[in-house]
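What follows is calculated from the coordinates using simple rules that are stated; it is not laboratory data. Quick caveat: nothing in here was measured; it's all calculated off a predicted structure. Cβ coordinates were reconstructed from backbone atoms using ideal geometry, including for glycine residues, and neighbour counts include every protein chain displayed.
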Amino acid sequence: MVLVNAIHFLGTWQQPFAVDATTDGPFHRERGGDVTAPFMHVTGRFGYAEDGDVQILALPYKGGALEMVLILPVEGTSLSSVEAGLDADKFAGWLAAPAPARVAVGLPRLHLETAFDLAGTLAALGMPTAFTTAADFSGLTTNGAPLNIDKVVHKAYLDVDEKGTEAAAATAVTMETTSARPVEKMKVFTADRPFILAIRHQASGAVLFLGRVADPS
């Protein structure tokens, strides 16, 4: 038996990146060696925060309900070391931390694909019988024939470009000042090393997509 659940997301940036500003640059992989990637650039007012060894940036999508949150280790800190000290409460705090700031953003154009077999994981979480002949899903059939789950495969892809983001997942089984406003120091967020990204619903905090970028090439 194959159970299928699918989700698709297509979002346009609230403030798009200018295509003619995209330039090739080095991305420093954690395992060593640089790769060349097309880096998109935009300067604007975005959600931004710093916490210890990470910078956090929130890029809103048109409509304002959804945003992409990027968590970037500071230079000299590896993503794996950040992940080693990460727990649910800290991650939730990072997602909620960004506040409006003037930010110069550099972000690699991305195309990510991944696939996982979840059968072993689900069995370990407490449903091993579902994958054996002892399972009873006869209520799902018209003739009461024996039925069990064969495999659960999760596939996902994520495309990020100057216009916005397309994502899908399926489980089968310059400074500006005025006289009345103080000068605001420009923040710089250049994702030229491994980072975490999440697409979340702002009001509820629900994370729709979550991933890590180790190599954008």
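About its Cα centre, the dipole of the chain is roughly 400 debye, where the only charges are +1 on Lys and Arg Cβ and -1 on Asp and Glu Cβ. Using the rule -39500 (n - 2.57) for each DSSP H run of four or more residues, divided by the residues of the chain, the 222 nm mean residue ellipticity is -2500 deg cm²/dmol.
Using a Cα distance threshold of under 29 Å, what count of lysine pairs results for the chain when pairs must be 8 or more residues apart or interchain? The result is 11.
What fraction, in whole percent, of alpha-carbon pairs in segment 77-167 exceed 14 Å separation? Walk me through the numbers on the way to the answer.
Working: 3303 of 4095 pairs.
When every Cα pair of segment 77-167 is considered, 81 percent fall beyond 14 Å.
Give the order of His8, His41 when sorted by the count of other beta carbons within 10 angstrom, beginning with the fewest.
Ordered by Cβ neighbours within 10 Å, fewest first: His8, His41.
Over the chain, all Cα pairs binned in 10 Å intervals from 0 give whole-percent P(r) values of 7, 27, 31, 18, 10, 5, 1, 0, listed from short to long.
Residues in segment 199-215 carry Karplus couplings, in order, of 9, 9, 8, 4, 5, 8, x, 5, 8, 8, 9, 9, x, 10, 10, 9, 7 Hz; the curve used is 6.51 cos²θ - 1.76 cosθ + 1.60 with θ = phi - 60°, and Gly or Pro positions show x.
Just flag the GluC sites (Glu not before Pro) in segment 1-100 sitting in loop per DSSP whose Cβ has no more than 15 other Cβ atoms within 10 Å. If you can, show how the numbers build up before the last one.
Numbers: sites: Glu30, Glu50, Glu67, Glu75, Glu83; in loops: Glu30, Glu75.
Sparse-neighbourhood loop GluC sites (Glu not before Pro): Glu30, Glu75.
Return the FRET efficiency for the residue pair Ser81, Thr36: r is the Cβ-Cβ distance, R0 is 41 Å, and the value is rounded to the nearest 0.05.
It comes out at approximately 0.95.
A simple spin-label model places pseudo-atoms 7 Å from Cα toward Cβ; at Asp159 and His8 they are separated by 1.2 nm. Remark on Lys62: its backbone amide H falls under 5 Å from those of Thr12, Trp13, Gln14, a criterion applied only to residues 5 or more positions apart or on other chains, H modelled at 1.01 Å from N. For Leu147, the amide hydrogen comes within under 5 Å of the amide hydrogens of Phe137, Ser138, counting only partners 5 or more places away or on other chains and with H modelled in the peptide plane.
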